[in-house]
Amino acid sequence: MTKLSGGSLAAIFAAGCENPKEAWKDPIMQILLVKRIEPQGKNPERYRIVVSDGIHFTQGMIASQSNHFMADGKIDKGSIVKVKEYEAGKVKDKSVLIVLAVELLKDTPEEKIGDPKQVMPDSAAELAQQQRAAQATSTSNFYGNKAGNSSRSAGGAGAGAGPSRGAGQSSRGPAAGVAAIESLSPYQNRWTIKARCVYRGEIKNWKNAKGDGKLFAVTLMDQTGEIKATGFGDQVDALYHVFEEGSVYYVSKCKVQIAKRQFSNVDNDYELVFDRDSEVAKAEDDEDVPMPKYNFVTLEALQNTDKDAQIDVIGVLKEIGDVSTMTSKQSQKSFTKREVSLVDDTGYTVKLAIWGKSAEKFEVMPESVLALKGVKVSDFGGRSLSMQNSSTMQVDPDLEEAHRLKGWFASEGRDSNFHNHQGMNTGTAGANRPTVYKTVQQALDENVGFGENADFYTFKGTISYIKNENHSYAACRTEGCSKKVTEENGSWRCEKCSVNWPEPEWRYILTCSAYDHTGQTWLNVFDDAGKAIIGTTATDLHATQMYDESSYESTMKKANYQSWMFRIRAQQETYQDTPRVRNRVLSAQKIDYAAECTRLINIINLYGSQ
Ligand SMILES: [Zn+2]
């Protein structure tokens, strides 16, 4: 068996790679697939390939000036080649190797060598970005309380050397000194953190026996953790307007003190206090600092959430109520409130209360996606949500969940009806839950899906068959588009985005047969549930199907005879003049056997009590 240049694809596609063309000299690779694209119009024939270095594989293309390497048919599936000239292309997160010159090393093709996996260009991205961040710091914009008081900045080294605090920082040699938030303690004071402002509170005025004043607080977050930082008096004027939620800052020279955790739900034993020496600089390069981490609870799952819990949710803003002013019975103070409603693709809606200034100046467009962190669950109206002082709201965040919800809302959510949590009996678990479970027979008997609006229910079933043909479609790679693309001249065209992609993203449209103890039914499965059911992305499945029939078959086989909790949206449609019900799978969850047993015991108990 020939030895391939294992690791060469990873080296070529490593995201920080300065010169991918030279990353690996003359790598030896195996061709796993050759696909000839017929000439179209003036365009000559093209050859699409899948190449492997034994560890990774990637999609590839023979540059058309090199077609003669292919045309004689000597290079084929299984061929071992030396790739003498190449370029590394990247389409979104997928790699494409463009082969400019190639040499056939052996006359006879070989069996597939090794068990190569799709090469992932982004795995090395973080490292490269950190290196770039180090160079970018000195060009950042610096802010401070007062410019020109250099005598107490710059670490005391060069008094009078710089006109502003910024000069002190840039001379110190930036990223070298970037500290992790989790490493901060009161015992060291020379540090700079690079952190995202994930929350900025309103300015608060206080008054007590000692006097009065004002303060504000922000929550800062990096890869290692989060920390609260508070500014008082003059620091409010100097720094409040510097911070914007979502932006990244270099922060240094603050007091580190023990956190007063009773006033905060920021997870850190320490907190920062800005003083007159504190330096805050906006970082232009912010990609290596994480966005807030969310642990989203679906709106359906709110029913299983305890009252007063603080949770993260994401949903589409469906309705915006007016601001109302109320008077607190306890304090006789008046306060303002606005209620909005959110929906998500579990088919549920929930009300969210927003308070005070945030309620008054709420200017988010309907149909935006809201990601909320740390909102409180109340049992008002079954289940509702309330913003807390420390809660954060991101509008249309660049998160996968948000893009998914946008797509769902545009394609079907806008016209759906939603369940609310009202009238749910919070006292007893099980029997009164609004999640409706139906067997195949029950759905038939009750004409589920034949009403004017779609019906939602949960079905515990086992997959018995997945249609092999057309399991996925070629989709646009633009975030949130997912429209079908058509192949033309060896590339894939999205009419909506007016973009041509070298390779599409494949998305599932599975037709599955599923059954329970009462009967059999057909389910339509789309990309998210499809990934769960098949256990891989449609893009990977498609590639497998092209070059490795047997592992494709075993993947499909494995997906059979698995049991799931399917959340179904059933709606009537007319097909060839005959009305029939389409069962669209909104989600497929692994069965939680403990919860399922509790549910069944509750049903059994209902019989017992009669
Ligand atoms: Zn598109």
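Quick note: the coordinates plus some simple rules give every number you see, no bench work behind them. Predicted model only: the values in this text are computed from it and were never measured. So basically every Cβ, Gly included, is an ideal-geometry build from the backbone, and we count neighbours across all protein chains shown.
Counting only other residues whose beta carbon sits under 11 Å from that of His403, what net charge do I get with K and R as +1, D and E as -1?
-3
Gain in length, Phe380 to Arg190, computed as 0.36 nm per residue apart minus the alpha-carbon separation, to one decimal in nm?
Numbers: separation 190, 0.36 × 190 = 68.40 nm, distance 4.88 nm.
Working it through step by step, the gained length comes to 63.5 nm.
Please give me the summed charge of the neighbours of Ile320: other residues whose Cβ is under 15 Å from its Cβ, Lys and Arg +1, Asp and Glu -1.
Details: positive: Lys318, Lys337, Arg338, Lys351, Lys361; negative: Glu319, Asp322, Glu339, Glu360, Glu363, Glu367.
Its environment carries a net charge of -1.
Nearest 0.05, what FRET efficiency do Asn205 and Val323 give at R0 = 30 Å with Cβ-Cβ as r?
Between Asn205 and Val323 the formula returns 0.85.
The value obtained for segment 300-415, namely the Cα convex hull volume divided by the number of residues, is 108 Å³ per residue. The protection proxy used here, the mean number of other Cβ atoms lying within 10 Å of each residue, ranks peptides 508-520, 208-220 as follows, highest first: 508-520, 208-220. Volume per residue of the convex hull around the Cα atoms, evaluated for segment 8-119, comes out as 98 Å³. For the pair Lys484 and Glu549 in one chain, pulling the backbone fully straight at 0.36 nm per residue adds 20.9 nm over the alpha carbon distance. Each of Lys255 and Asp115 was given a label point 7 Å from its Cα along the Cα-to-Cβ line. The distance between the two points is 5.9 nm. Between Thr536 and Tyr437, the simple label model (points 7 Å from Cα in the Cβ direction) yields a spacing of 3.4 nm. Whole-Hz Karplus values for segment 367-378 come out as 6, 6, 8, 10, 9, 10, 10, x, 8, 8, 8, 10 Hz, taken residue by residue from phi with 6.51 cos²θ - 1.76 cosθ + 1.60 and θ = phi - 60°; glycine and proline positions read x. Per-residue Karplus couplings for segment 313-325, computed as 6.51 cos²θ - 1.76 cosθ + 1.60 with θ equal to phi - 60°, are listed in order as 9, 9, x, 8, 6, 9, 10, 10, x, 7, 6, 10, 10 Hz, Gly and Pro entered as x. Peptides 331-337, 538-544, 33-39, ordered by how many other C-beta atoms sit within 10 Å of their residues on average, highest first, read 538-544, 33-39, 331-337. Along segment 180-191 the Karplus relation, 6.51 cos²θ - 1.76 cosθ + 1.60 evaluated at θ = phi - 60°, assigns HN-Hα couplings of 7, 4, 5, 8, 5, 7, x, 8, 9, 10, 9, 8 Hz to successive residues, with x for each Gly and Pro. Straight-line cross-link partners of Lys484 among the lysines, defined as a Cα under 22 Å from its Cα and at least 8 positions apart when in the same chain: Lys35, Lys90, Lys92, Lys94, Lys406, Lys467, Lys496, Lys531.
Counting charges near Ala559 (Lys, Arg +1; Asp, Glu -1) among other residues having Cβ under 12 Å from its Cβ returns a value of +3. Stretching the chain fully between Gln310 and Ser64 yields a gain of 82.8 nm (0.36 nm per residue, less the alpha carbon separation).
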